[in-house]
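**Q** Take this structure, written in structure tokens, and hold onto it; I'll ask about it next.
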Amino acid sequence: MSASTPLLQVSGLHVAYGKIAALHGIDMEVAAGEIVALIGANGAGKSTTLRTISGLLKPSRGSITWDGREIAGMDAERIVAAGIAHCPEERHIWPAMTVRENLMLGGYLCTSRAQVEQRMEQAFQRFPRLRERDRQMAGTLSGGEQQMLAIARALMSEPRLLILDEPSLGLSPKMADEVFDVVREINARGVTVLVVEQNVHNALDIASRAYVVETGVISTHADAASLLENPEVLSAYLG
Amino acid sequence: MDMLLQFVANGLVSGSFYALSALGLTLIFGLMRVVNFAHGEFYMLGGVLGWFVTTYLGLNFFVGLVVVVVAMAAFGWLVDRFLIERVRDQGEEPSILLTIGLSIFLTNSALLVVGTAPLNIAGAVPNAPVFLGPVVLTQMRLFAVAACAVLILAAYLLIRHTRLGRAMRATFQDPMAARLAGIKTAYVYASTFALGTVLAASSGMLLGSIYSVQVSGGGLISLKAFVVVILGGMGSFAGAIVGGLILGLAEALWGGYVSSGTVDVIGFLIVILTLIFKPYGLFSTQVERA
Ligand SMILES: Nc1ncnc2c1ncn2[C@@H]1O[C@H](COP(=O)(O)OP(=O)(O)O)[C@@H](O)[C@H]1O
Ligand SMILES: [Mg+2]
């Protein structure tokens, strides 16, 4: 379905929290330049899949290849360095640090101060509201602004793949639209996107393809357009 | 009146040592959630090592201080990597037991090696008196206060304005987000512990050059550092400094006007009053941490 060699390929991924298995063999792939959505009911294992790709969790079995290289089980900080940025569920900005400090830390692996400044300038151009609030504590921002900050922070590492976990969580529909516009624009500039989203319509709107996760396995995989045309299929899977 | 000024000056001098020592404790707690009961022993080791490099080996005081800082940073780093690491994220009790065990081990090892006699550290400047109006201090005390201030300022700048300092605060506030940004959190924890150790050890060496180093005195030092941290607010940078100065002043005034034999009781009084009236300390850690 996707291009010849996928940028990211996940196969047979098993992950457990302690003794409790959460993923039982996830298979999926993402080609360079795509926006791929991962959808599914609460607790299906979407976040677990993302956390394992970005190195926060170690799989018990299975492989994750990134640009032809095996990265399963690698430490998170090496995976960021390899070009995968993960914008986690519930944002996880640093609330007691300023907007500027949050961004500086997003560019933690930059090789020079000038590089940090240059990327921060790009972030401020994309999110003018963050520039206005750059000395403000991140915890005092509104939900939408915090989500923008979380995305801007992830982009500070100039990733080739941006992973977004429920970017519209807790946002007003208008704010959510703004976030999705930004995601589209980021993708148009060449960043591949893997997004988990509760709002299936929003997800299928921006994605070209989608995987449906059901209790730790991929149950369906199709073009976003064809899923949108079959709402009854979707509701059967999403419960 | 003149006596009062003298007591205040004395209190501020010992208060700045308390502040520096408590800073190490509060940083390790504020950033790492580790209650370090071996803090006083790190302080004592700084003094013993300071005695060894200056009086015993004959190095210049400043060279000796640098040696102590480097050696104790390495020591703190290793303690974190090999001991604290094993109890990380397991709540506070395992780290309390671990550091109590470490304190017993360090005191007794030091007693075995250098014995019980007080050790004198050759000072950086002469112990000549300095007259500031009605107040008399010694050059050595003024120097030590200045050194404390420099170390406190250096720690502040490190935490506020360097890449490592930002990584420390980020790791404390949200370790997962820190890892996702590419921060090696294990190194950040070790660096934080090393910083706290260095602050304790350098105040141990500075104070040892004014009084003397008591190998078995770690317990009392830990106790006073805890008083300061409870008064100032667990994990608060400003609290450690203000709390240290308050304890120093209170002890000096009590010693001057009430009874000099019972100054150590002041610390307990302060803890009791703090816990009754301001249980989170003067600078609540809810607002400002480290
Ligand atoms: N930290 C955790 N510890 C234990 N179990 C967890 C943890 N996080 C998630 N789980 C379990 O793993 C399964 C998948 O969760 P998750 O990946 O968060 O689902 P989703 O993101 O699709 O809502 C759920 O059964 C959930 O209860
Ligand atoms: Mg989730």
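The values are calculated or read from the model by the stated rules, or taken from the named source; none is laboratory data. Since this is a predicted model, take the numbers as computed values, not measurements. Please note: Cβ atoms are built from the backbone with ideal geometry, for glycine as well, and neighbour counts cover all protein chains shown. The protein model used for the area step is the full one, side chains on, heavy atoms only, and it has no ligands, DNA or RNA in it. Shrake-Rupley method; radii C 1.70, N 1.55, O 1.52, S 1.80 Å.
**Q** Interface B/A, total buried accessible area with a 1.4 Å probe, nearest 100 Å²?
**A** Working: alone 13390 and 10920 Å², together 22380 Å².
Between B and A, the summed buried area is about 1900 Å².
**Q** Turning to a different aspect of this structure: Describe numerically, in nm with one decimal, the distance between label points set 7 Å from Cα along Cα→Cβ at B:Thr162 and at B:Phe277.
**A** Spacing of the two 7 Å Cα→Cβ label points: 3.8 nm.
**Q** Could you rank A:His201, A:His86, A:His92, A:His221 by how accessible they are, 1.4 Å probe, largest area first?
**A** On the way: A:His201 120, A:His86 15, A:His92 55, A:His221 75 Å².
Listed by decreasing accessible area, they come as A:His201, A:His221, A:His92, A:His86.
**Q** With the crude spin-label approximation of a point 7 Å out along Cα→Cβ, what separation in nm comes out for A:Ile20 versus B:Glu85?
**A** 3.0 nm
**Q** Is there a simple number for the mean count of other chain Cβ atoms within 10 Å of the Cβ of residues in A:85-96, and what is it?
**A** Details: counts 3, 5, 2, 4, 0, 0, 2, 7, 3, 10, 2, 9.
Mean partner-chain Cβ count within 10 Å for A:85-96: 4.
**Q** Order the peptides B:216-228, B:234-246, A:73-85, B:21-33 from the highest to the lowest mean number of other Cβ atoms within 10 Å of their residues.
**A** Values: B:216-228: 22.2, B:234-246: 24.6, A:73-85: 19.5, B:21-33: 27.8.
Going by the mean number of other Cβ atoms within 10 Å, highest first, we get B:21-33, B:234-246, B:216-228, A:73-85.
**Q** Taking segment B:84-177, how much of its Cα-Cα pair set, in percent, is spaced more than 20 angstrom apart? Don't skip to the answer; put the middle values down first.
**A** Working: 3013 of 4371 pairs.
Here the long-distance tail beyond 20 Å is 69 percent of all Cα pairs in segment B:84-177.
**Q** Would you mind checking the radius of gyration and Dmax of chain B based on alpha-carbon positions, in Å?
**A** Cα only, chain B: 18.5, 59 Å (Rg, Dmax).
**Q** Moving on to the next point. For the charge dipole of chain B, defined by +1 on Lys and Arg C-beta atoms and -1 on Asp and Glu C-beta atoms about the Cα centroid, which residue among B:Gly123, B:Tyr187, B:Leu269 has the Cα displaced farthest towards the positive pole?
**A** Sorting the options by dipole projection puts first B:Tyr187.
**Q** Would you please give the FRET efficiency between B:Ala146 and B:Leu5, computed as 1/(1 + (r/R0)^6) with r the Cβ-Cβ distance and R0 = 22 Å, to the nearest 0.05? Walk me through the numbers before you get to the answer.
**A** Numbers: r = 20 Å, r/R0 = 0.89.
With R0 = 22 Å, the Cβ-Cβ based efficiency is 0.65.
**Q** Same structure, new question: Taking the DSSP beta bridges in the protein assembly as shown as the whole, what percent of them are antiparallel, to the nearest 5? Walk me through the numbers on the way to the answer.
**A** Values: 27 of 44 bridges.
Given both bridge residues lie in the protein assembly as shown, the antiparallel proportion sits at roughly 60 percent.
**Q** Relative to 2.2 N^0.38 Å, what does the C-alpha radius of gyration of segment A:6-238 come to as a ratio? Two decimals please.
**A** Details: Rg = 17.2 Å, N = 233, 2.2 N^0.38 = 17.5 Å.
In units of the 2.2 N^0.38 Å rule of thumb, it is 0.99.
**Q** When all C-alpha to C-alpha distances in segment B:1-97 are sorted into bins of 5 Å, what percent of pairs does each bin hold, rounded to whole numbers?
**A** In whole percents, the pair-distance histogram is 3, 11, 16, 18, 15, 13, 11, 7, 4, 1, 1.
**Q** If you take the alpha carbon radius of gyration of segment A:21-87 and divide it by 2.2 N^0.38 Å, what ratio comes out, to two decimals?
**A** Working: Rg = 11.8 Å, N = 67, 2.2 N^0.38 = 10.9 Å.
Computed over Cα atoms of segment A:21-87, the ratio equals 1.08.
**Q** Where the only charges are on Cβ atoms (+1 Lys, Arg; -1 Asp, Glu), what is the dipole of segment A:6-238 about its Cα centre, to the nearest 20 debye?
**A** Values: 22 positive and 28 negative charges, 150 e Å.
I would put it at about 720 debye.
**Q** In 20 Å bins starting at 0, how do the alpha-carbon pair distances of the protein assembly as shown split up by percent?
**A** Using 20 Å bins, I get a P(r) of 20, 42, 26, 10, 1 for the protein assembly as shown.
**Q** Next question, about the same structure. Given the DSSP H assignment, sum -39500 (n - 2.57) over each helix run of at least 4 residues in chain B and divide by its residue total; what's the result at 222 nm in deg cm²/dmol, nearest 500? If you can, show how the numbers build up before the last one.
**A** Values: 11 runs with 196 residues, N = 290.
Mean residue ellipticity at 222 nm (helix-derived): -23000 deg cm²/dmol.
**Q** Continuing with the same structure: Might you work out the accessible area of A:Ser157 for me, using a 1.4 Å probe with all protein chains in place, and round it to the nearest 10 Å²?
**A** Roll a 1.4 Å probe over it and A:Ser157 shows about 30 Å².
**Q** In segment A:6-238, carbon and sulfur make up what percent of the accessible area (probe 1.4 Å)? Before the final figure, lay out each step's value.
**A** Working: 4660 of 9420 Å².
Here carbon and sulfur together make up 49 percent of the probe-accessible area.
**Q** Also, quick follow-up: For segment B:179-188, in order, what is each residue's ³J(HN,Hα) by Karplus, 6.51 cos²θ - 1.76 cosθ + 1.60 with θ = phi - 60°, in whole Hz (x at glycine and Pro)?
**A** My calculation for segment B:179-188 gives 4, 5, 7, x, 7, 7, 5, 4, 6, 5 Hz in order.
**Q** Per residue, how much accessible area does segment A:6-238 have with a 1.4 Å probe, in Å²?
**A** Solvent-accessible surface per residue comes out at 40 Å².
**Q** Moving on to the next point. For chain B, which whole-number percentage of the solvent-accessible area (1.4 Å probe, protein heavy atoms only) is attributable to carbon and sulfur atoms?
**A** Details: 8820 of 12390 Å².
In chain B, the share of accessible area belonging to carbon and sulfur is 71 percent.
**Q** Now a separate question. Sorting A:Lys174, B:Lys278 by accessible area (1.4 Å probe), largest first, what list results? Display every interim value, and only then the final one.
**A** Working: A:Lys174 150, B:Lys278 100 Å².
I get A:Lys174, B:Lys278, largest accessible area first.
**Q** Something else about it: Report the calculated FRET efficiency for B:Tyr187 and B:Asn120 (r = Cβ-Cβ distance, R0 = 30 Å), to the nearest 0.05. Let's see the in-between values first.
**A** On the way: r = 37 Å, r/R0 = 1.24.
So the FRET efficiency works out to roughly 0.20.
**Q** Cα-based Rg (one decimal) and Dmax (whole number) for segment B:61-126, in Å?
**A** Gyration radius and largest Cα-Cα distance of segment B:61-126: 15.7, 49 Å.
**Q** Lysine pairs in the protein assembly as shown with alpha-carbon atoms under 19 Å apart, 8 or more places apart or on different chains: how many are there? Display every interim value, and only then the final one.
**A** Working: A:Lys19/A:Lys46; A:Lys19/A:Lys58; A:Lys46/A:Lys58; A:Lys58/B:Lys184; B:Lys224/B:Lys278.
The result is 5.
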